[in-house]
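Let me begin by presenting the structure, written as structure tokens, before commenting on it.
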Amino acid sequence: MAVVAGADAGLRAARRATIVQLRAPATPASELEREAARLVASTRVAVVIGSRCDVALACGAAGVNLPERDISPRDARLLLGDRLVGKSVHSVEAALAAEGDGADYVIFGPVWASASHPGGAPAGIEALARVAAAVRIPVLAIGGVTPARIPECLAAGAAGYAAIGMFE
């Protein structure tokens, strides 16, 4: 999954990613919807919108990815129906709660130190393995993921990875 802040970056990332998350929390809803609509219309790759169910519906996105402190996947599902609902998590407990609330997948991290979240303590590959073992839904690793670290993420049980810098 590529995590991007705009349609142009999303289109570049869609050449290599299987899912693109448009994440722009400081962008006004009307501008985010325009960017999202352009991205959705211009790629065959699934697009999920960070934290904005309303924008996901308005632009025809595949779904939404919710930050850990956002609404529950169950509440998002009431709005989105069968669309994808993912949840970013930082612990086994949060991953289990997201799964119990109906999330389709979780993004866990940061696994390693990450330039996009400076100062955040990395959880480590062992924590990723514990999360992957605890839930039945797919777990994507995020935070400091590089091409060289992808095999380590997969060996720890992750179904895949999400990245910002790798797709810029």
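A few remarks follow.
- Within the option set V89, V145, being closer than 26 Å to C53 by Cα, modelled with pLDDT of 95 or more and not basic (K, R) holds for one residue only, V89.
- Between S42, S51, S30, the distinction of being modelled with pLDDT of 95 or more and touching an Asp or Glu at 6+ places or on another chain (Cβ under 7 Å) belongs to S51 only.
- Exactly one residue among A133, A113, A95 is surrounded by fewer than 16 Cβ atoms within 10 Å (Cβ to Cβ) and over 18 Å from I164 (Cα atoms), and that residue is A133.
- The one condition in (1) over 30 Å from E31 (Cβ atoms); (2) among the β-branched types (V, I, T); (3) surrounded by 16 or more Cβ atoms within 10 Å (Cβ to Cβ) that T146 fails to fulfil: (3)
- Of the residues making up the range 8-32, just one is assigned to a helix (DSSP H, G or I), in contact with a strand residue (DSSP E or B) (Cβ under 9 Å, 6 or more places away or on another chain) and among the charged types (D, E, K, R), namely R12.
- Filter result (among the acidic types (D, E) and free of Cβ contacts under 8 Å to residues at least 24 places away in the same chain) within the range 1-51: D8, E31
- Candidates E68, E152, filtered to the one that is of a type in the set (D, E) and farther than 22 Å from A56 by Cβ: E152
The values are calculated or read from the model by the stated rules, or taken from the named source; none is laboratory data. Predicted model only: the values in this text are computed from it and were never measured. A quick note on method: Cβ atoms are made from the backbone with ideal geometry, for glycine too, and the neighbour counts reach across all protein chains shown.
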